[in-house]
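What follows is one structure encoded as structure tokens, with my remarks underneath.
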Amino acid sequence: MKRLLLSCLIGATALHAAAPASPDIVVYGGVPCGIAAAITAAREGARVVLIEPTKHVGGLSTSGINTAESEHMLKWTIGGFADEFYRRLGKHYGKDKPEYYFESGVAEKTYLEMLREAGVEVRYGASVDMVIKDGPRITEIKLTDGSMLKARVFIDAGYEGDLMARAGVKYAVGRESKDEFGEEAAGVRFDKTVRKARTVDENGRLLPGISAWAKDLKEGAAHPAPMNYNFRLTVAKDPTLQVPIPAPKHYDAKRYALLADWLRARTADGTKVKLEDIIDPYARRNGKFELNNKQASIISLGHFGGQFEWPDADYAKRQPIYDDHLDYTLGLLHFLANDEAVPEHVRADMRKMGLHKDEFADNGHLPYQLYVREARRMRGVHVVTQQDVQENRRKEDSIGMSSHFIDSHHVQRVALSETEFVNEGRIWRMGYAYQIPYRALTPKAAECTNLLVPGAASFTHVAFCTLRLESVWMITGHAAGVAAVLAVKDDMEVQEVPVAGLQEKLRAQKQVVDFIPGLPEKCEHLNGPPEF
């Protein structure tokens, strides 16, 4: 009996010794921001676990958005890990320079190679369920698969800020009023273009896709919803590269009554309509086209109004919202290919498209992720505002730079009358190079002292429109990864990380932290079309 007990104790001791140590840093969200944070932290010697709730890393860069958005940016502001990633893509395509237009599958392969090289452990298929704290410090998190993870520093890189919210950190959703931060572009924004189409059914009820009456909203007032979401399908026009676009699981032609009414009116007055007047296929590599919204279209691939509840919904409630977006998207394409309200030549052009057979093969050739352009936004030590990205653009605690246009897609359609509506929520402002402050990545110390939030960072809605690009999120992720290691090594709160030391490391890693004399600060013109 004693020998058996001794044997059991020896076995238990050996198992304990073989068990992996807790990571120094847990990064939540295998999106580009999280990948950058995980890899830069691991390169500094930290033990890192990256948690990705889906089965694939890369966020929208591997789910259909095949551009760095550099066409709306000053390219000199893209440095550090982001520049390294795009240079890897350039090497793949036989170029000795960064490549800003790419394919989802190539981007995923590149990210996975970089994660393996850095020794980052990636855990797939589980989301954060609960955050356990001791005072303002996170001690461990529980995932939806029941596993527990301890770490010394946590990084929430996800689009929704789910870890941040569960940690009790204050945040905002939707749009601030003009008055809250004195932002000219804030709040409810009615488009100047009035669009003529029937907005109500025979009973006077608003048609699907019309969210409200304009009379019930006030220009410049706060509004609880973020900009719209969509799926970025990768399609092909070459029949040899196609698989059929599936019909939606739940199809209702009434969802597109607005479009049907508009098309019938164009047919009646003899106005020629093209498919490209309704959807926008961006040419990409190897016979691929990326489908996106057409900003001037009567309807959109973005599901206006469908996104309202997503940011604060739990995972069970998000699933039907996700499914509804997919039904809406596939339903619109099905409508364009088959409905008699659509001119035959437009139907024929739609039927010539198919999903590209080389992408998302394990997901029915449909993107892995919904394009969540904006969800929660932390209220951290410093809130970046429109003034910070256009006027007061220099910051002593800079950890990187952005220069993207202020680009908010529409939020909703609102009826002016039974026959007219306007879109609401669009912002399109010139981009300026500006420095991103470290304080925008840190919660207030009273709320949490070992969490960094480079994804759902501390920005107003207007300012967030310059942050919400994967290229820029890799810049904030890079900084968060290095800052987390400094906090671990010196056993300090993330708010106390010495900015000068952080900046020194970032500069050594080719992150663009400073303005460069002689280089432009205004992004006045869009860059030309991609060259493949």
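The values are calculated or read from the model by the stated rules, or taken from the named source; none is laboratory data. Predicted model only: the values in this text are computed from it and were never measured. Note that each Cβ is placed from the backbone with ideal geometry, even for glycine, and that neighbours are counted across all protein chains shown. Remember, those area values only see protein heavy atoms, side chains included, never the ligands or the DNA or RNA. Shrake-Rupley method; radii C 1.70, N 1.55, O 1.52, S 1.80 Å.
Going by what's in this entry, would D362 be described as out of contact with any strand residue (DSSP E or B) (no Cβ under 9 Å at 6 or more places or on another chain) and modelled with pLDDT of 95 or more? Yes, satisfied. Among all positions in the range 465-477, there is no residue which is over 30 Å from A197 (Cα atoms), more than 19 Å from the chain's Cα centre (by Cα) and in contact (Cβ under 8 Å) with a residue 60 or more places away in the chain. Could you check, for the range 400-409, whether at least one of its residues is open to solvent by 10 Å² or more (accessible area, probe 1.4 Å), within 30 Å of R195 (Cα to Cα) and part of a loop (DSSP other than H, G, I, E, B)? Yes, some residue in the range 400-409 is open to solvent by 10 Å² or more (accessible area, probe 1.4 Å), within 30 Å of R195 (Cα to Cα) and part of a loop (DSSP other than H, G, I, E, B). Only one of the listed residues (G64, G34) is farther than 21 Å from P454 by Cα, open to solvent by less than 10 Å² (accessible area, probe 1.4 Å), small (G, A, S) and in contact with a helix residue (DSSP H, G or I) (Cβ under 8 Å, 6 or more places away or on another chain). That residue is G64.
Restricting attention to the range 294-304, the residues that are open to solvent by 10 Å² or more (accessible area, probe 1.4 Å) and under 18 Å from the mean Cα position of the chain (by Cα) add up to 2. If you go through the range 267-283 and keep only what is in contact with a Pro (Cβ under 8 Å, 6 or more places away or on another chain) and either surrounded by 18 or more Cβ atoms within 10 Å (Cβ to Cβ) or in a helix (DSSP H, G or I) (or both), you end up with just T267.
Let's see how each residue does on (1) open to solvent by 20 Å² or more (accessible area, probe 1.4 Å); (2) basic (K, R); (3) over 21 Å from K274 (Cα atoms):
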residue	(1), (2), (3)
G306	no, no, yes
Y315	yes, no, yes
D323	yes, no, yes
G331	no, no, no
A337	no, no, no
R351	yes, yes, no
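Under 24 Å from the mean Cα position of the chain (by Cα) and open to solvent by 30 Å² or more (accessible area, probe 1.4 Å) - does that describe any residue in the range 98-106? Spell out the reasoning first.
Within the range 98-106, the first condition is being under 24 Å from the mean Cα position of the chain (by Cα), and the residues that meet it are 98-106.
Then keep just the ones that are open to solvent by 30 Å² or more (accessible area, probe 1.4 Å); that gives 105.
Among the residues of the range 98-106, at least one is under 24 Å from the mean Cα position of the chain (by Cα) and open to solvent by 30 Å² or more (accessible area, probe 1.4 Å), which makes the answer yes.
For the structure I just gave you, tell me whether P248 is more than 24 Å from R189 (Cβ to Cβ), open to solvent by less than 70 Å² (accessible area, probe 1.4 Å) and in contact (Cβ under 8 Å) with a residue 60 or more places away in the chain. In short, yes.
Could you tell me whether V128 is over 30 Å from S297 (Cα atoms) and open to solvent by less than 70 Å² (accessible area, probe 1.4 Å)?
For V128, the condition - over 30 Å from S297 (Cα atoms) and open to solvent by less than 70 Å² (accessible area, probe 1.4 Å) - is met.
Any idea which of E219, E176, E183, E202 is at pLDDT below 95 and over 28 Å from P367 (Cα atoms)?
Details: E219 fails: at pLDDT below 95; E176 fails: at pLDDT below 95; E183 fails: at pLDDT below 95.
Every option except E202 fails the conditions.
Looking only at the range 488-520, residues that are part of a loop (DSSP other than H, G, I, E, B) and not acidic (D, E) come to 14 in all. Evaluated against (1) closer than 21 Å to Q295 by Cβ; (2) outside any strand (DSSP E or B); (3) of a type outside the set (K, R); (4) touching a strand residue (DSSP E or B) at 6+ places or on another chain (Cβ under 7 Å), W428 falls short on exactly one condition, (2).
Here D327 clears all of (1) part of a loop (DSSP other than H, G, I, E, B); (2) open to solvent by 10 Å² or more (accessible area, probe 1.4 Å) except the condition numbered (1).
If the condition is being open to solvent by less than 80 Å² (accessible area, probe 1.4 Å) and modelled with pLDDT under 95, then the range 480-532 contributes C523, N527, G528, P530.
Going by what's in this entry, would E180 be described as in contact with a strand residue (DSSP E or B) (Cβ under 9 Å, 6 or more places away or on another chain), in contact (Cβ under 8 Å) with a residue 12 or more places away in the chain and either open to solvent by 20 Å² or more (accessible area, probe 1.4 Å) or closer than 30 Å to L217 by Cβ (or both)?
Numbers: in contact with a strand residue (DSSP E or B) (Cβ under 9 Å, 6 or more places away or on another chain): no; in contact (Cβ under 8 Å) with a residue 12 or more places away in the chain: yes; either open to solvent by 20 Å² or more (accessible area, probe 1.4 Å) or closer than 30 Å to L217 by Cβ (or both): yes.
Against the criterion (in contact with a strand residue (DSSP E or B) (Cβ under 9 Å, 6 or more places away or on another chain), in contact (Cβ under 8 Å) with a residue 12 or more places away in the chain and either open to solvent by 20 Å² or more (accessible area, probe 1.4 Å) or closer than 30 Å to L217 by Cβ (or both)), E180 does not qualify.
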